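Colleague: So that we are looking at the same thing, I have put the structure below in structure tokens.
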Amino acid sequence: MLRFFKCLLGPGITSFVFVTLATAQSQQTTQNTQSPSQTTVPTLRSSAQLVVVDVVVTDKDRKPVHGLKQSDFTLNEDNVPQTLKNFEEHSALTLAEAMKFPELPKLPHGVFTNYTPASVNGAVDILLIDSLNTPLIDQLYLRQQLLAYINSIPPGSRIAIFGLTSHLSVLQGFTSDPAVLKAVAASTRFARNSPVLKDSTGGSGLQNSLSDDAEDAGLQADTVANMRLFDAEVESFQTQLRIKFTLDAMSQLARYLAAIPGRKNLIWFSGAFPITIFPDPSITIPFAASAVQAEFQDQFRYTVNQLARAQVAVYPIDPRGLSTSSAFDAASTRNYAGGNPSRLTQDLNKFSNDTAMDHSTMSQMAEGTGGRAFYNTNDLTKAVTDAAEEGSNFYSLAYTSTNPNRNGEFRKIKIQLARQGLNLTYRRGYYADNPDKANPSINKSPSKQVPDSAVTAAAPSVQQSIRSAMMRGSPTPSEILIKVGVFPTGPVTHTQDQPAPGNIPNEKTHGPYRSYSVSYAISPNDITLRKPDGKIHANFELVIFVYKPDGTLVNRLSTPLHIASTMDQIVKSVAQGIHYSQEVSAPAKGEYFLRIAVHDLERDRFGAVEVATSEVNNLTLLTATPTPSSPAMTPANAPSTPAPK
């Protein structure tokens with residue numbers, strides 16, 4: 001794989017070496033590596049279903065245990081013994097090890113890639129500051145605890161910091177420099193009021209709602225019931241948004257981290273994430289929540305599978321600490337002596353149920369990915385220290401399942417040790433989904449149906465995958481490795497009144513325009529190829545969104561592509577990589593950002609980069625824009641898309 005990266009990042013836009021084409025991947029995929037001299041033509045073959053399970057082994061004091069051998073482990077899947085194909089022990093990296101990155105040639109001006117370098121061995125840590133689901137007062141306490149943790153991190157720790165509001169943002173990429181991390185943790189950038197959290201500030205106690213006041217005032221029962229129904233629907237809608245945004249962020253992180261080898265520890269600071277939505281028993285006309293609940297449970301399962309495939313272990317930490325109901329807070333305006341004497345009991349029961357639901361979801365996310373949940377603790381520094389230590393000392397076990405049937409059913413994994421008295425933390429199973437089947441909630445060509453509100457993360461009906469992959473400023477997915485050349489088609493003074501052909505500008509966007517040539521070099525290994533009729537087929541699309549710096553979408557371009565050819569044509573046409581070009585326009589005045597992506601429509605996988613026009617405005621296009629040179633790849637027919645408003 002490293003050899004491919006070197007070819008991908010080489011000086012020429014066409015410098016690809018096509019070693020093998022994989023038609024499918026499951027929990028993990030194993031490929032036979034050949035030397036360049038042994039590789040003459042690409043081959044099409046199916047991959048083996050290699051399941052990788054990271055196991056953290058600790059003693060009674062939860063300290064890592066080292067020195068175990070493969071023979072010490074026994075692994076069963078659905079009570080059937082499995083044979084381990086690979087076994088590795090990993091320890092926390094030293095500073096010297098953390099600085100060992102793959103050697104990457106310097107990219108020429110105007111050339112960009114989504115490849116993210118990572119340490120050769122061991123795990124990396126991602127700190128996710130969840131402002132969406134955490135009251136502001138708890139975020140401030142979390143910042144103090146994070147600073148204390150960063151002051152004590154061991155040398156060699158490789159950490160990135162992300163923030164979640166209504167969308168996911170990169171606050172700091174991977175670094176081992178404590179000073180850089182400390183500056184980010186001390187910043188107030190991630191301290192935000194959540195627009196969809198009922199008590200976004202925290203510590204204010206329970207407040208009477210309008211329906212409570214109406215009941216205390218003695219209004220008619222049906223009027224109070226209708227007001228309670230309205231309150232419940234508003235709260236339910238806010239909860240649905242929080243769930244959707246959170247699952248989107250988790251899915252986006254999985255896509256971003258997919259190309260980084262080895263284990264990734266996602267330490268997630270979140271105050272509340274209720275995946276289950278139950279009808280409110282306090283209202284007489286309960287709203288129908290079963291369909292919504294089922295929808296989010298499916299998305300939750302899909303997202304956990306994504307994280308597991310990307311070898312991401314989630315460590316949720318509740319920054320609220322040991323919390324109690326705010327019913328008796330001094331700041332509370334709740335009237336428990338009014339017309340509803342059972343209101344106190346209802347509030348206490350709701351607090352207990354909501355807290356249990358939050359913690360249950362955190363535990364499910366942790367168990368599904370091989371992490372551990374931390375809650376009911378005020379020592380957040382110790383919690384994140386324990387999470388990072390556990391996640392950096394582990395054993396990787398890999399096996400090929402004896403059950404080849406990928407029917408989507410859950411398969412239980414049970415690991416036992418020959419030694420007694422030790423704690424094992426690992427994912428307890430996985431869904432054996434067909435890797436060729438994309439997320440059922442996403443259409444084959446979602447970019448053709450993204451609503452105009454795609455740039456406003458508050459739109460709950462946006463197709464999750466395309467919105468996450470194409471959102472301005474968000475982490476760039478790396479499920480498909482790409483290299484992109486971006487050059488203006490003429491000098492700065494060269495402008496046009498109309499955008500380039502195929503562009504769909506926002507109706508409020510007007511010329512003059514400046515056009516850019518975008519040349520793609522795409523790893524064929526990451527595109528799904530099928531052979532249903534004697535020919536090799538692939539379906540993917542090239543998408544570009546043009547944004548203002550504030551995230552306003554001003555223009556878009558999408559080109560669906562289809563490959564249908566024999567193996568001989570594949571060898572001639574894409575043996576050196578998949579190449580194509582587009583021409584996209586942006587207003588000539590001001591700075592804009594090009595979000596450039598490749599989307600595999602078969603398995604809903606993405607590769608993307610983001611380029612500021614200021615980075616390329618002064619460059620010169622030295623070579624002619626490449627065009628498809630073979631009928632092996634042709635634009636697919638697609639319905640027209642209305643311009644965003």
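The values are calculated or read from the model by the stated rules, or taken from the named source; none is laboratory data. Computed from a predicted model, the values in this text were never measured in an experiment. As a convention, Cβ positions derive from the backbone with ideal geometry for all residues, glycine included, and neighbour counts pool all protein chains shown.
Colleague: Looking at (1) buried (at least 18 other Cβ atoms within 10 Å of the Cβ); (2) touching a helix residue (DSSP H, G or I) at 6+ places or on another chain (Cβ under 7 Å); (3) in contact (Cβ under 8 Å) with a residue 40 or more places away in the chain, can you tell me which one GLN172 breaks?
Modeller: Only one criterion in (1) buried (at least 18 other Cβ atoms within 10 Å of the Cβ); (2) touching a helix residue (DSSP H, G or I) at 6+ places or on another chain (Cβ under 7 Å); (3) in contact (Cβ under 8 Å) with a residue 40 or more places away in the chain is unmet by GLN172, namely (3).
Colleague: State all residues of region 600-617 that are small (Gly, Ala, Ser) and touching a residue at least 60 places away in the same chain (Cβ under 8 Å); if no residue qualifies, say none.
Modeller: Matches in region 600-617: GLY607, ALA608.
Colleague: Check ASN208 against each of (1) at pLDDT below 75; (2) not assigned by TED's automatic domain parsing to the domain that holds ALA327 and name the one condition it does not meet.
Modeller: (2)
Colleague: Given the options ASN637, ASN617, name the one that is surrounded by fewer than 22 Cβ atoms within 10 Å (Cβ to Cβ), at pLDDT 85 or above and over 27 Å from the mean Cα position of the chain (by Cα).
Modeller: ASN617
Colleague: Find the residue count for region 334-356, including only residues that are in a loop (DSSP other than H, G, I, E, B) and either modelled with pLDDT under 70 or among the small types (Gly, Ala, Ser) (or both).
Modeller: 6
Colleague: Using the structure shown, decide if ILE150 is modelled with pLDDT of 80 or more and in contact with a helix residue (DSSP H, G or I) (Cβ under 7 Å, 6 or more places away or on another chain).
Modeller: yes
Colleague: Restrict the check to region 434-454 and report whether at least one residue is modelled with pLDDT of 80 or more and outside any loop (DSSP other than H, G, I, E, B).
Modeller: Checked region 434-454: no residue is modelled with pLDDT of 80 or more and outside any loop (DSSP other than H, G, I, E, B).
Colleague: Of (1) surrounded by 18 or more Cβ atoms within 10 Å (Cβ to Cβ); (2) at pLDDT below 85, LYS198 satisfies all except one. Which?
Modeller: (1)
Colleague: Take region 373-400 and flag every residue that is assigned to a loop (DSSP other than H, G, I, E, B) and out of contact with any strand residue (DSSP E or B) (no Cβ under 6 Å at 6 or more places or on another chain).
Modeller: The answer is TYR375, ASN376, THR377, ASN378, ASP379.
Colleague: Which one is modelled with the lowest pLDDT, of the residues in region 61-109 that are touching a Gly at 6+ places or on another chain (Cβ under 6 Å) and surrounded by 15 or more Cβ atoms within 10 Å (Cβ to Cβ)?
Modeller: So the residue we want is ALA98.
Colleague: Criterion first (in a strand (DSSP E or B) and more than 27 Å from the chain's Cα centre (by Cα)) does ARG595 satisfy it?
Modeller: The answer is no for ARG595.
Rundown of residues vs (1) among the acidic types (Asp, Glu); (2) in a strand (DSSP E or B); (3) under 16 Å from the mean Cα position of the chain (by Cα); (4) farther than 19 Å from ASN265 by Cβ, yes/no style:
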position: LEU127; (1), (2), (3), (4): no, yes, yes, no
position: ASN133; (1), (2), (3), (4): no, no, no, yes
position: ASP138; (1), (2), (3), (4): yes, no, no, yes
position: GLN144; (1), (2), (3), (4): no, no, no, yes
position: LEU147; (1), (2), (3), (4): no, no, no, yes
position: ILE153; (1), (2), (3), (4): no, no, no, no
position: ILE161; (1), (2), (3), (4): no, yes, yes, no
position: SER166; (1), (2), (3), (4): no, no, yes, yes
position: LEU171; (1), (2), (3), (4): no, yes, yes, no
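Colleague: Something else: Can you find even one residue in region 291-313 that is part of a loop (DSSP other than H, G, I, E, B) and modelled with pLDDT of 80 or more?
Modeller: For region 291-313, residues part of a loop (DSSP other than H, G, I, E, B) and modelled with pLDDT of 80 or more: present.
Colleague: Can you pull out the residues in region 395-435 that are more than 19 Å from GLN299 (Cα to Cα), basic (Lys, Arg) and touching a Gly at 6+ places or on another chain (Cβ under 6 Å)?
Modeller: Result: LYS412, single match.
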